[in-house]
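Participant: First the structure, then my questions, so here it is.
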Amino acid sequence: MVALESPAIRKPAETFGQDRQRLELAALSAPAVLFTVGMIAFPVIYTVWLSFQSFSSTGKQSFVGLGNYAHLISDNEFWHGLWVTLALYLLSLVLQLVFGVWLALVLFHAKRLSGIVRSLFISPFMMPPVVAGMMWLVILDPSIGAANYILTSLGLPPSDWLASPTFVIPTVALIDSWQWTPYVALIVLGGLQSLPPSVYEAAQIDGASPFKTFQRITLPLLLPTIVTATILRSVDLLRFFDIIYITTQGGPGNASNTLNIYGFRVGFEFFNIGYASALMLTLTAIVFGAVLAFNRLRNAVAW
Amino acid sequence: MTAKSVAAGLTLSIITASAIVSAAHAADFDWKKFQGKTVSFLANNNPVSQTLLKHKADFEKLTGITLKVDMYQEQQMRQRLVTVMNAHSDEADVFMTLPSREGAQFAAAGWYADLTPMTKNEVAPDYDYAGLSQALLKAATYNGKLTSMPMNIEGPVLYYRTDIFKKCGVDQPKTIGDIEAAAKKIKACDPSITPFVSRGLKPALPYTFSNFLHNMGGSYMVNGKSALCTPKDKAALDTYSHLLRAYGPPGVVNYSFPQISALYRAGRAAMDFEASNELPTVMEGGARLKDTGLIPLPPGDGGQVPTTIGWGIAVSAYSKQPDAAWYFVQWATSPAVQKLMAVQGIAPPRSSVADDPTYRKWINEQPVRKEWQAALDVLASKGTSEVGYPIVANPQSREFIGQAVQSLILKEKTVDQACADADKALDALIAQK
Amino acid sequence: MTSMPVSDTVLRRLNTLQLVAAGFIIMAPVAWMVLSSFKPSFAVTAYPPTLIFSPTTENYSNLIKTTPFFSYAVNSLIVTIGSAGLGLIFGIPAAFAVSWTRISWPAVLTLAARMAPGTLFLLPWYVMFRQVGLIGSYTALILSHAVITLPIVIWILLPSFDNIPRSVFEAAQVDGCSVTRILWRIALPLVGSGIVVAAILAFVFSWNYFLFALVLSNGDTKTLIAAAFNFVGEGSTDWGALMAAATLIALPPLVLATLVQRWLVAGLTLGAVKG
């Protein structure tokens, strides 16, 4: 007896159809894949090759195999940079996810908000990072900035903000979160729009409280979108550069010296292109690991 | 005909002939030699280049060369330059450079064209090569090659509030020790104002710190080794960091010229040790015009050895038309053009221009300008370009100097610890060949 | 047991309260930036900071007069629309295919360009584009910026495509529809809000990205964001001009976002498919 659903036994016509389907699907993703490979193949290969070279300060080049990577492992600056990167990453990510979802819900329920006001809500990340950095540099200036002015007017103690070795990472995380929480909110808002209303109707009939609705129904349904936002923010946060470059240049001391900043200075200011390449590739590998991990999560929470 | 008259006639003809030849030579120099060509200029966006390029049309009319300009902010321009040069591209014929910082580095990388032959052979008669600051020319010479021509002269100077000094009964500081005494007095007299502000940002502070080091008789390298733990160097580290820690604004470890000038301009600082070319920024709005005094850093145990640097303009070693590019370089650094730039606030690296009556008139318009020029005269005559270590890896050496000073400002290390750690790292850097 | 439902009015008021609080925190610095653009440059860093002042438009007029602002803006527009468009054209089919087959590697691959520090690409791309004489061309800029927009489009659309129940596709397959037909006729209309978000984000990211333009453009094709840096330099820090430039630069993305708002609100998804 042949069971039609049995995958082991297929009719020739169906096999042909499925093959054709597979071909079509591959063709759909081909342009994106080919384009990406075309653009990044040479840079990646070139950088790998560079990472096996050593460049002395007088410009002499020599092949050192894995020498740069060995140096990396024993380099205190690298490990410190890794720690700074991870601390900044986790702090910023948590802030942005929590407040991003919150903001998305608030905006979602404010149905009668005009388009202009709604776009103002998501405007901070539309500002170029260099401008945001300069702006916060002035606002957070301990002497002439508005932030301390407001704090002291309220009788609170002023802070060194970006100049404090202990507070620089939280401050940078706050600046970044101010700018990118609306971005997360926008993504989650898109996700909220696509949730089937029938589920809410069912919940309302049951008389569930809004908090329970959120916890039991909305949040699980939103997980794929939240994971997407996590992946997208993670690739940017782990490569944190712009704000720090504009405001502290990795300081005070090296309290805000992320791996990207460190690699940039090694390459472009100290002209040690070989070591810089090794640093950049290591950072890329770390980000890649994070993306793979979150992608697993994405597949796990997909409906 | 006597032998004498023959000799006389010969001599006369020789003299006449050589006169004709040299006149022909002078007339030989033709500004329009490269007419129709295009020279590309990769520029920094700062007042020096901005002022220069205001007269771009003059150059194009004089020579018939078209000038293509690509202008970027300083750090961005450097990024672009490094990329273009690493690719050995002929895209930029001429570019601006800061010899005190990257001169040795770029020279070692072979990015500069040698200008020495051009300054001898292909030069306009009124160029007055000898009139350029010999110190700056020397600072731009590596391994006997002249790598760039100086465009301006600048260095850190001490701006101070004459009214606050008067109010608190403080005299103009005559030594470095006086600065600390003045700061202490001002702090007691008016707690709402920052007594002293200068650079605390790690990569930026060597610029101002070097002046303290040299005035106090210290030096970065002695006998090929890093000397930050010698007594004079330690004193300099201690003095500079102590001034900023005790009398500087909160958050001074992030401070470079944008915040420093903003702070002083807003009337919130009594003494401001910053670049001389921040004068226009500090004077913006007019609030500080009448109550600012200006002097070079007062002498210490080592005398007065101000930090003097200047932007240079160089020809790329990969340029396909270095001769045409040189025409732009020599025009940009000629006495005539530098005179035009001087009255717009760009301090010239030529004493002839500084003495020019039109310039003097501009200087005398404001008392603070007079003091500014007087300070620059001191910088021109006594200055050194040594900001950071005199090695190829100068930018990286600044990193370690910055780290040492910052760790002292933040009280993370003692002077002995800081100098020892820095020496160790710097010796390793020096040893890299 | 269900608890007493909280009244609708209380909920609405609570929401409004949160809205106002969020709005203040988010928009206060933006307001500071816009207000500062109307102050003379030295007044931006004056102390104490002033809310009341006599506004001046000198920053804007200076900006337009001294820099070729308009042509920079046109350059930025060409590059941004080109790269966002390219990202959508390549990204929509790819996201659909990845979602259907649950084979993620194409999506992760496109994200690879975003995993490496941008500076990694500067020198190799300069060399590459120089070989084919494309330095300073719009093509080089659009292609490099598309490397940024493509992964954004794909990853934003993935959950949207994932949300469509498989039964929809299966029904269409039984009808004999080809995969491509299913994409254009059935799937695409269902991910409208996703496409809107992807388009906005692609536009904004490309618009604000300066690193590639720094190296791949020339004087004629320089983008607006590269010009924004020019206002901070030793001896010439012009806060007023910087704030004015920043306000102007932030306008096009804001206008775009406002225009497409209603698709985001209404949502072209839903319809009678689910349930």
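Participant: Given 10 °C and 1.306 mPa s, how large is the Stokes-Einstein diffusion coefficient of region A:95-259 in µm²/s, with Rh as the Kirkwood radius over Cα pairs?
Facilitator: Stokes-Einstein gives a translational diffusion coefficient of 89 µm²/s.
Participant: Let me ask something else. Quick one: what Rg and Dmax do you get for chain C from the alpha carbons, in Å?
Facilitator: 23.3, 73
Participant: Just checking the output field for A:159-168: average partner chain Cβ neighbours within 10 Å of each residue's Cβ?
Facilitator: 4
Participant: Quickly estimate the mean residue ellipticity at 222 nm for chain C, helices only: each DSSP H run with n ≥ 4 gives -39500 (n - 2.57), and the total goes over all residues, rounded to 500.
Facilitator: Result for chain C: -22500 deg cm²/dmol, rounded to the nearest 500.
Participant: Still on this structure, I have one more. Where does chain A land at 222 nm, in deg cm²/dmol rounded to the nearest 500, when only DSSP H runs of n ≥ 4 count, each adding -39500 (n - 2.57), divided by all residues?
Facilitator: After summing the helix terms and dividing by residue count, I get -23000 deg cm²/dmol.
Participant: Can you list the residues of region A:88-102 with backbone N under 15 Å from a point 7 Å past the Cα of A:GLN215, pointing along Cα to Cβ?
Facilitator: none
Participant: Using a Gaussian network model of chain B with C-alpha springs under 10 Å, which one of B:ALA275, B:ALA108, B:ALA380 is most mobile by mean-square fluctuation?
Facilitator: Top of the fluctuation ranking is B:ALA108.
Participant: Summing +1 for each Lys or Arg and -1 for each Asp or Glu, what net charge is found among the other residues whose Cβ lies under 12 Å from the Cβ of B:TYR129?
Facilitator: Result for the neighbourhood of B:TYR129: -1.
Participant: Ranking C:TRP32, B:TRP31 by Cβ neighbours within 10 Å, fewest first, what do you get?
Facilitator: B:TRP31, C:TRP32
Participant: Taking amide H atoms as placed 1.01 Å from N in the peptide plane, list the residues 5 or more away in sequence, or in a different chain, whose amide H sits under 5 Å from that of B:ASN45.
Facilitator: The answer is B:TYR72, B:GLN73, B:GLU74.
Participant: Considering all alpha-carbon pairs of chain B, what whole percent are spaced by more than 33 angstrom?
Facilitator: Result: 40 percent of Cα pairs exceed 33 Å.
Participant: I'd like to compare A:291-298, A:73-80: which one has the highest average count of other Cβ atoms within 10 Å, and what's the full order after that?
Facilitator: A:291-298, A:73-80
Participant: Looking at this model, which pairs from B:LYS68/B:LYS320; B:LYS54/B:LYS339; B:LYS68/B:LYS145; B:LYS174/B:LYS370; B:LYS56/B:LYS339; A:LYS60/B:LYS232 are more than 24 angstrom apart at the alpha-carbon?
Facilitator: As for pairs spanning more than 24 Å Cα to Cα, those are B:LYS68/B:LYS145; A:LYS60/B:LYS232.
Participant: Same structure again: Output the Kirkwood hydrodynamic radius of the protein assembly as shown, Cα pairs only, in Å rounded to one decimal.
Facilitator: Roughly 31.1 Å, rounded to one decimal.
Participant: Between 0 and 90 degrees, rounded to the nearest ten: what's the tilt of helix C:138-163 against the longest Cα principal axis of chain C?
Facilitator: Once rounded, one gets 40 degrees.
Participant: Calculate the spin-label point distance for B:VAL123 paired with B:GLU412, positioning each point 7 Å from the Cα along the beta-carbon direction, and give it in nanometres.
Facilitator: 4.8 nm
Participant: Report, as an integer, the average count of C-beta atoms from other chains found within 10 Å of each Cβ along C:34-41.
Facilitator: Average neighbour count from other chains, rounded to a whole number: 1.
Participant: Next up: Averaging sequence separations of C-alpha pairs under 8 Å and six or more residues apart, then dividing by the length of region B:149-236, give the relative contact order as a whole percent.
Facilitator: Relative contact order for region B:149-236 comes out at 17 percent.
Participant: Taking only Cα atoms, what is the 0 to 90° angle, nearest 10, from helix B:3-28's long axis to the longest principal axis of chain B?
Facilitator: Taking the Cα atoms of chain B, the angle to B:3-28 is about 60 degrees.
Participant: Additional query: Ordered by packing density, taken as the mean number of other Cβ atoms within 10 Å over each peptide's residues, highest first, how do C:169-181, C:244-256, B:93-105 rank?
Facilitator: B:93-105, C:244-256, C:169-181
Participant: While we're on this one: How far apart, in nanometres, would the label points at B:ALA188 and C:ALA171 be if each is projected 7 angstrom from Cα along the Cα-to-Cβ direction?
Facilitator: With each label placed 7 Å out from Cα toward Cβ, I get 8.9 nm.
Participant: Another one. Please state the relative contact order of chain B as a whole percent: Cα pairs under 8 Å, 6+ residues apart?
Facilitator: Dividing the mean separation by the residue count of chain B yields 24 percent.
Participant: Note down the nm distance, to one decimal, between modelled labels 7 Å out along Cα→Cβ at B:ASP171 and at A:TRP102.
Facilitator: If labels sit at B:ASP171 and A:TRP102, their model points lie 6.1 nm apart.
Participant: Would you work out the relative contact order for region B:170-294, in percent, from Cα pairs under 8 angstrom that are 6 or more residues apart?
Facilitator: Relative contact order of region B:170-294: 31 percent.
Participant: Further question on the same structure: Convert 37 °C to kelvin, take the viscosity as 0.692 mPa s, use the Kirkwood radius over C-alpha pairs of region B:237-284 as Rh, and evaluate the Stokes-Einstein diffusion coefficient in µm²/s, rounded to a whole number.
Facilitator: Rounded to a whole number, D works out at 291 µm²/s.
Participant: Turning to a different aspect of this structure: Among A:TYR262, A:TYR183, A:TYR46, determine the one that fluctuates most according to a GNM of chain A built with springs between C-alpha atoms less than 10 Å apart.
Facilitator: Comparing A:TYR262, A:TYR183, A:TYR46 in a Gaussian network model of chain A, the most mobile one is A:TYR46.
Participant: Place a point 7 Å from the Cα of B:LYS424 along the Cα-to-Cβ direction; which residues of region A:80-124 have their backbone N under 19 Å from it?
Facilitator: A:80-81
Participant: Can you work out the FRET efficiency for the pair A:LEU151 and C:VAL74, with r the C-beta to C-beta distance and R0 = 41 Å, to the nearest 0.05?
Facilitator: 0.40
Participant: Within the set of other residues whose C-beta is less than 13 Å from the C-beta of C:ASN15, count the net charge using Lys and Arg as +1 and Asp and Glu as -1.
Facilitator: So the environment of C:ASN15 carries a net charge of +3.
Participant: Apply 1/(1 + (r/R0)^6) to the Cβ-Cβ distance of A:LEU86 and A:LEU297, taking R0 = 22 Å, and write down the FRET efficiency to the nearest 0.05.
Facilitator: The computed FRET efficiency comes out at 0.75.
Participant: Okay, moving on. Using all alpha carbons of chain A, what is the percent of pairwise distances in each 20 Å bin, ordered from the shortest bin to the longest?
Facilitator: 24, 47, 25, 4, 0
Participant: For the protein assembly as shown, can you list the cysteines whose C-beta has no other cysteine C-beta under 4.7 Å from it?
Facilitator: Flagged as lacking a Cys partner: C:CYS177.
Participant: Taking amide hydrogens as modeled 1.01 Å from N in the peptide plane, which residues meet the under 5 Å criterion relative to A:GLN53, leaving out close sequence neighbours?
Facilitator: Correct list: A:VAL64.
Participant: Among C:MET243, C:MET27, C:MET128, which one shows the highest mean-square fluctuation when chain C is modelled as a Gaussian network with alpha-carbon springs under 10 Å?
Facilitator: Highest fluctuation among the options: C:MET27.
Participant: Then there is this: Work out the P(r) tail for region A:77-183: percent of alpha carbon pairs separated by more than 18 Å, whole number.
Facilitator: 60 percent
Participant: Now for a different question. Between C:ILE103 and A:ALA41, what FRET efficiency follows from the Cβ-Cβ distance if R0 is 22 Å, with the result rounded to 0.05?
Facilitator: Efficiency, from the Cβ-Cβ distance: 0.60.
Participant: If you count, for every residue in C:219-229, the Cβ atoms of partner chains within 10 Å of its Cβ, what is the mean?
Facilitator: Other-chain Cβ atoms within 10 Å of each residue's Cβ, averaged: 4.
None of the figures in this text is laboratory data; all of them are computed from the coordinates on show. Computed from a predicted structure; not experimentally measured. Virtual Cβ from ideal backbone geometry, glycine too; neighbours counted across all protein chains shown.
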